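First the structure, in the form of structure tokens, and then the observations on it.
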Amino acid sequence: MRKPVVMVTGANGEIGQRLIERLSGDAETDIIALDLHPMSAALASRCVATFVGDILDDNLLQRIVSEYAIHTVFHLAALLSTRAEYTPFAAHRVNVGGTLKLLNLAADQARRDGTPVKFVFPSSIAIYGLPDLATKHAAGRVREGDFNAPTTMYGCNKLYCEHLGRYYMHHFGQLNSNFRPSGVDFRAIRFPGLISAVTVPSGGTSDFGPEMVHMAASGQSYACFVPEAAQIPFMAMPDGVEALLALAAAPRAQLGQETYNITAFSMSAAGFRDRVVDAFPGAQVTFEVHHARSRIIDTWPLDVDDTPARNDWGWQPKYDADATFDDYLLPTLMALTHR
Ligand code: NAD
Ligand code: AKB
């Protein structure tokens, strides 16, 4: 008999590692993990199986579904915004082609087992495209339907995948005479920039915030690639992980939409600099603006309106800006440094 499991793709990434730690705390949950890169032995020991490989590899996906009955997919594997902009075709292949394969896998599982398969998808504030800074500042907190005109390959990929998820849930196979919904129960969160105390991001554009913190904590100087005034929403990694779990656990009937904004706090590059200098006396932060990367940040919103997430599934961040630094980043970084 195929074993019921939760599947995590992109398992070795910043979110994947923390999600697996958290999910494996529940004795009832068996996890299978997939990533291009091998996981640490400690993380792998929390999973019933780990697969090193590409989400685009059909043979690998076939092998996985022949052995496991997947009831929930956390599909995290992706190329992030800056990396995607340098390799747009590869990004499209992985971010769109890979998501399509995983949605198809979920539909196949749902059909085979006769029960819905939850598909939890991390979208991004990158799906927004504010046309200029004046509009960004005038707009303030944007709602899900506003400014859906991304200027990056990554943003386009994420927005399209939100639509693919909605399509798979409601319309996939609609011309079949015996049409029934596919059983894919798609749920997406548009994350702001996430900040982990444990890992340093790479390949993203919101990376300026977490990079500044990690460089200061390790006593290195940091040249920030956006100007002091650049501002977007952020969130501490534990809140991001809890949000994925809360959305996955929410009864379907409570969810009025497929895709939800969430946020914890907005902060400018100068705001990060001030906190970092305060926390790590002697920290060296300069600003050497990379104009093209900075323009991407200009198109992302100052803040997002996450009222639907609060109302529908009780979203509530634990860490505001002060708590992110005082209760999460600084104590965790100190503990890691003194280990
Ligand atoms: P990450 O770059 O740390 O992790 C992504 C993981 O995906 C990596 O371990 C990578 O090896 C894996 N991967 C990439 N291509 C793959 C492929 N073809 N097959 C198998 N594995 C592959 O990113 P993250 O920060 O953990 O983000 C996870 C997800 O959350 C992504 O979809 C990202 O777009 C989304 N997201 C992240 C943030 C953030 O600030 N971290 C914000 C919004 C959305
Ligand atoms: C990136 O900068 O690409 C990600 C994101 C906000 O989606 N961190």
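A few points about this structure:
- Summed side-chain charge close to Leu36 - residues other than Leu36 whose Cβ falls under 12 Å, Lys, Arg +1, Asp, Glu -1: -3
- Backbone N within the range 256-291 under 15 Å of label point (7 Å from His170 Cα along the Cβ vector): 256-260
- Prolate/oblate/rounded label for the chain (Cα gyration tensor, a/c 1.5): prolate
- Sequence-distant lysines (8 or more away, or on other chains) whose Cα lies within less than 20 Å of Lys118: Lys3, Lys101, Lys158
- Computed from the Cβ-Cβ distance with R0 of 41 Å, the FRET efficiency linking Ala69 to Gln220 stands at 0.30.
- Divided by 2.2 N^0.38 Å, where N counts the residues, the Cα radius of gyration of the range 264-324 comes to 1.46.
- Accessible-area ranking of Lys101, Lys3, largest first, probe 1.4 Å: Lys3, Lys101
- Phi-derived couplings, Karplus 6.51 cos²θ - 1.76 cosθ + 1.60 at θ = phi - 60°, listed residue by residue for the range 68-78: 10, 9, 8, 9, 9, 10, 9, 9, 9, 4, 5 Hz, with x used for Gly and Pro.
- Long-range amide H partners of Tyr260 with built H, under 5 Å: Ala188, Ile189, Arg190
- Per-residue ³J(HN,Hα) for the range 250-255, Karplus 6.51 cos²θ - 1.76 cosθ + 1.60, θ = phi - 60°, Hz, x for Gly and Pro: 5, x, 4, 4, 7, 8
- Those aspartates and glutamates that a straight Cα-Cα span of less than 13 Å connects to Lys136, excepting residues fewer than 8 apart in one chain: Asp146, Asp298, Asp303
- Working from label points 7 Å from Cα in the Cα-to-Cβ sense, the Ser40 to Val277 distance is 3.3 nm.
- Angle in degrees between helix 237-249 and the longest Cα principal axis of the chain, rounded to the nearest 10: 20
- Under 15 Å from a label point set 7 Å out along the Cα-to-Cβ vector of Arg143, the amide N atoms of the range 300-339 belong to 304-312.
- With bins 10 Å wide beginning at 0, the percent of Cα pairs of the range 111-245 falling in each bin runs 10, 31, 31, 18, 8, 2, 0.
- The share of accessible area on the chain that comes from carbon and sulfur is 52 percent, using a 1.4 angstrom probe.
- Calculated accessible area for the range 20-171 comes out at 46 Å² per residue, all protein chains present (probe 1.4 Å; ligands, DNA, RNA ignored).
- The Cα atoms of the range 1-111 give a gyration tensor whose axes a ≥ b ≥ c have a/c of 1.5 or more with a/b no greater than b/c, which makes the shape oblate.
- Residues whose amide H comes within less than 5 Å of that of Phe119, counting only those at least five positions distant or on another chain, are Val73, Asp185, Phe186, Arg187 (H built at 1.01 Å from N in the peptide plane).
- Glu21/Ser177 FRET efficiency (R0 41 Å; Cβ-Cβ; nearest 0.05): 0.30
- Long-range amide H partners of Phe51 with built H, under 5 Å: Ala33, Leu34, Asp35
- Seen against the Cα atoms of the chain and their longest principal axis, helix 208-217 is set at about 60 degrees.
- Across the chain, the longest run free of exposed loop sites, meaning GluC sites (Glu not before Pro) lying outside DSSP classes H, G, I, E and B with no more than 16 other Cβ atoms within 10 Å, spans 29-227.
- DSSP bridge orientation in the chain - percent antiparallel, rounded to nearest 5: 10
- Rounded to 0.05, the FRET efficiency of the His338 and Arg111 pair, given R0 = 45 Å and the Cβ-Cβ distance, is 0.30.
- The 3J(HN,Hα) values that the Karplus relation (6.51, -1.76, 1.60; θ = phi - 60°) gives for the range 311-322 are, in residue order, 6, 7, 9, x, 4, 7, x, 7, 10, 7, 4, 4 Hz. Gly and Pro appear as x.
The values are calculated or read from the model by the stated rules, or taken from the named source; none is laboratory data. Keep in mind that this is a model prediction, so the values were computed, not measured. Backbone-built Cβ (ideal geometry, glycine too); neighbour counts: all protein chains shown. Calculation scope for accessible area: heavy atoms of the full protein, side chains included, ligands and nucleic acids excluded. Shrake-Rupley method; radii C 1.70, N 1.55, O 1.52, S 1.80 Å.
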